[in-house]
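Heads up, the thing below is written out as structure tokens.
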Amino acid sequence: MNSKVRSLKAYPQDRLNRAKEEAKAKGLKIYDFGTGDPKEPTPPFIREALIKAVPEVSQYPTVKGRKDLRETIARWFEKRFGVSLNPEREVIPTSGSKEAIFHFPLVFIDIDSERRKVIYGMPAYPVYERGTLFAGGETVPVRLKYEEQFLLRLDKLPSSLLEETAIVWINYPHNPTGAVASLSYLEEVYGICREYGIILCSDECYTEIYFESKPPSLLQVGKEGAVVFHSLSKRSGMTGYRSGFVAGDEKIVSTYLKWRSSFGVASQDFVQQAAKAAWEDEKHVEERRGIFRRKRDVFAELFKELGLEFEVPEATFYFWVKLPEGVSGEEYAVHLLNYGIVVSPGEFFGEGGEGFFRIALVPTVEECKEAAVLWKKAHEDFMRKRN
Ligand SMILES: Cc1ncc(COP(=O)(O)O)c(C=O)c1O
């Protein structure tokens with residue numbers, strides 16, 4: 001087995017899975033706020049575009065992707081962020097953003113160099129760590145703090161560390177905390193990465209799920225040394241299609257493109273045609289934001305009523321909620337399962353997650369309302385038992 005990944009902990013999910021099975025066996029209705037895979041249907045026009053594109057003769061798709069999709073993405077990006085992208089050299093369609101994030105360090109970490117550290121914030125989406133380890137890089141998780149709005153603060157890290165760093169990952173709007181970053185924050189992080197010659201990667205798969213102002217893209221600050229990762233999964237309800245794109249610095253994007261053919265991850269042609277239809281439409285995205293907003297409001301009210309400490313998310317479909325002193329995420333999650341409610345303990349997202357839980361606004365609006373009623377009782381029972 002690859003020794004670099006032997007040290008990885010499997011998610012501490014066993015106990016929770018057992019409790020989930022027990023709850024199901026008891027015949028409880030399950031309200032699953034665990035995995036971030038919403039249940040709203042993919043808009044019919046996207047499904048139709050895919051079906052229409054399924055060919056009689058199926059041939060290998062190219063890693064470079066369809067020209068019409070790259071041009072559509074470039075148009076969308078310019079309209080949304082005011083940044084022009086060259087569709088020939090600065091955009092690659094991907095099979096979702098996860099694979100693109102995972103494979104990136106395989107191309108950009110030199111295992112023979114002194115400079116093979118990869119910095120990312122913790123708690124985090126686990127793929128920055130996994131991709132780095134598989135590529136032979138050195139992981140440098142930096143704890144994100146509630147008091148610092150969960151922003152990764154490169155200005156607080158020693159320059160000796162930055163000198164040995166190849167890649168920095170940022171992810172705003174952020175999973176799991178829902179934190180958002182301002183343009184001035186992006187400017188600051190970008191400036192530091194430029195100063196040290198570090199590639200700055202920005203996972204922007206939640207920029208379209210916003211409720212207040214529109215979150216910015218890193219490419220608004222600069223392209224040199226910068227790469228962004230986008231996805232249709234959350235924006236358009238297309239998690240099962242596997243479709244996203246990478247864009248940014250021409251040199252980095254073209255080098256990445258050259259080596260991506262080794263991975264066998266070219267996006268299927270018919271998925272790319274569905275993706276084109278999705279990027280061309282904003283109406284369905286606006287509707288999805290409306291649905292997530294309604295769910296968000298249900299839980300903002302509930303958690304306020306329960307006296308829990310949390311920020312109402314301005315973007316993403318996650319709530320990151322602090323538990324009362326001394327309560328672990330796992331203990332609380334197992335208790336909620338007795339009522340059929342599934343949440344993710346903060347520990348699942350690594351260091352810095354202890355004492356929090358995350359919910360993903362996955363069930364329908366109606367189910368969210370039902371779950372909120374049950375949750376109130378579950379929470380009151382939990383607190384009564386503790387006291
Ligand atoms: C922060 C973050 N990045 C990337 C992804 C991957 O998304 P996809 O591969 O579906 O585009 C997810 C999925 O949950 C995520 O939360």
### Query
If you take the residues in segment 151-186 that are over 25 Å from residue 320 (Cα atoms) and out of contact with any helix residue (DSSP H, G or I) (no Cβ under 9 Å at 6 or more places or on another chain), which one is surrounded by the most Cβ atoms within 10 Å (Cβ to Cβ)?
164
## Note on the structure
Apart from one, (1) away from the ligand (no atom under 16 Å from the Cβ); (2) among the charged types (D, E, K, R); (3) touching a residue at least 40 places away in the same chain (Cβ under 8 Å) all hold for residue 129; the odd one out is (1)
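For (1) surrounded by fewer than 20 Cβ atoms within 10 Å (Cβ to Cβ); (2) outside the structural domain of residue 375 (by TED's automatic domain parsing), each residue gets a yes or a no:
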position	(1), (2)
21	yes, no
36	no, no
47	yes, yes
65	no, yes
69	no, yes
82	yes, yes
### Task
Kindly list the number of the only condition in (1) at pLDDT below 95; (2) within 20 Å of the chain's Cα centre (by Cα); (3) among the hydrophobic types (A, V, I, L, M, F, W, C) that fails for residue 327.
(2)
### Query
Residue check, residue 186 against (1) closer than 28 Å to residue 6 by Cβ; (2) away from the ligand (no atom under 15 Å from the Cβ), all met but one. Which one?
(1)
### Message
If I filter segment 288-310 for residues that are within 16 Å of the ligand (Cβ to nearest atom), out of contact with any strand residue (DSSP E or B) (no Cβ under 6 Å at 6 or more places or on another chain), part of a helix (DSSP H, G or I) and of a type outside the set (S, T, N, Q), do I get at least one hit?
### Response
yes
#### Entry: Scan of segment 345-374 for residues that are without any contact (Cβ under 8 Å) to a residue 40 or more places away in the chain and surrounded by fewer than 16 Cβ atoms within 10 Å (Cβ to Cβ), ordered by number
354, 366, 373
### Query
Where in segment 39-138 are the helices (runs of 4 or more DSSP H), entirely inside, with at least 3 residues that are in contact with a Lys or Arg (Cβ under 9 Å, 6 or more places away or on another chain)?
67-81, 97-108, 127-134
### Task
Determine whether residue 377 is of a type in the set (Lys, Arg), touching a helix residue (DSSP H, G or I) at 6+ places or on another chain (Cβ under 8 Å), modelled with pLDDT of 95 or more and surrounded by fewer than 16 Cβ atoms within 10 Å (Cβ to Cβ).
no
### Query
With respect to residue 40, is the statement that it is in contact with a Leu (Cβ under 8 Å, 6 or more places away or on another chain) and either at pLDDT below 95 or in the same structural domain as residue 231 (by TED's automatic domain parsing) (or both) true?
no
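The values are calculated or read from the model by the stated rules, or taken from the named source; none is laboratory data. What you are looking at is a predicted structure, and each value in this text was computed from that prediction instead of being measured. Cβ: placed from backbone, ideal geometry, glycine included. Neighbour counts: every protein chain shown.
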